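Novice: The structure follows.
The values are calculated or read from the model by the stated rules, or taken from the named source; none is laboratory data. Source: prediction; values computed, not measured. Glycine also receives a Cβ, built like all others from the backbone with ideal geometry; neighbour counts cover every protein chain displayed. For accessibility, only protein heavy atoms count, side chains too; no ligands or nucleic acids. Shrake-Rupley method; radii C 1.70, N 1.55, O 1.52, S 1.80 Å.
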Amino acid sequence: MKRKILSVLSVLMAVLVSTAALSACNKAPAGLESGGGGGESLSESSGSGGESESSAENEQRTALFKELNEEYLPLYGILINVEEWNSADRIDIEMFYAWYTDYIAATMQYETRKALYSIDGEPGWHYPTVEFEDFIQKYFYISTKVLRESDVYNKNEDCYTIPVGGWGKNYSFSVVSPDDISISGSTATAKLTCASNLDSKKIFMYLSIDISEKPYKFIGCKSDGQGGEKMP
């Protein structure tokens, strides 16, 4: 009888030992639990980093939206007439002349312009060579050689001039929302909503700008190719 009891006790002890061992295996060590918590924090941290990056990008686009509408698009002005270009040397120098003429008219009184840029007995405005070239090259990547190969350049008088004038801006345009600006590296592309000054059509253009340093430079423009839509 005693031997039978001992046998039963042995079986019970074996079961208890097995149960304890299984419980110990299933329980994660404190270090691993902490590591698991750390993994969750890392995931949360990554998500937070993404949100921070997105917030920084939104702030950049919002700041650029303000700069473009207040400074660079009014400056771009009449060059909106050149709907498609991917290099500044594709723009006629006559258009640069018209562009600079508009800029001077917007920033200088007529009497001052007349004193600085007119020559008695000659029609048109006469912009000194270095002044004109410096201004164009401030906002566009274009060589002096290309500028001086045009008929607008007058070597004898050391100036840029056209005997006739009278250009009109084909479109009034703006960036409607920061969401209409995309940024890739040092290049920003702005979707311009353009209302025709000639008819009732609205078109969209995409103006690319090098924002790597100030002043920003205009580096290309293209139309959406849709032919425009009628404004209400």
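Novice: Applying the selection to segment 189-221, what residues are open to solvent by 30 Å² or more (accessible area, probe 1.4 Å) and more than 18 Å from residue 75 (Cα to Cα)?
Specialist: Hits for segment 189-221 are 198, 199, 200, 201, 202, 204, 212.
Novice: Which of the following residues is closer than 16 Å to residue 64 by Cα and of a type outside the set (Asp, Glu): 164, 176, 146, 152?
Specialist: Result: 176 is the single residue among 164, 176, 146, 152 that is closer than 16 Å to residue 64 by Cα and of a type outside the set (Asp, Glu).
Novice: OK, next. Does segment 169-179 hold any residues that are touching a residue at least 60 places away in the same chain (Cβ under 8 Å) and open to solvent by less than 60 Å² (accessible area, probe 1.4 Å), and which are they?
Specialist: 170, 171, 173, 174, 175, 177, 178
Novice: A further question follows. So the check is Cβ under 9 Å with 6+ separation or different chains; which pairs have a first residue in segment 101-116 that's within 16 Å of residue 163 (Cα to Cα) and a second one that's open to solvent by 80 Å² or more (accessible area, probe 1.4 Å)?
Specialist: Correct list of pairs: 101/167; 102/167; 102/169.
Novice: Can you name the strands (runs of 3 or more DSSP E) wholly within segment 165-217 that have at least 3 residues being closer than 21 Å to residue 141 by Cβ?
Specialist: The qualifying strands (runs of 3 or more DSSP E) are 181-184, 187-196, 201-210.
Novice: Taking residue 227 as meeting all but one of (1) part of a loop (DSSP other than H, G, I, E, B); (2) modelled with pLDDT under 95; (3) closer than 19 Å to residue 69 by Cβ, write down the number of the exception.
Specialist: Condition not satisfied by residue 227: (3).
Novice: Another question about this same structure. Taking only segment 43-75 into account, find how many residues are polar (S, T, N, Q) and at pLDDT 95 or above.
Specialist: 2
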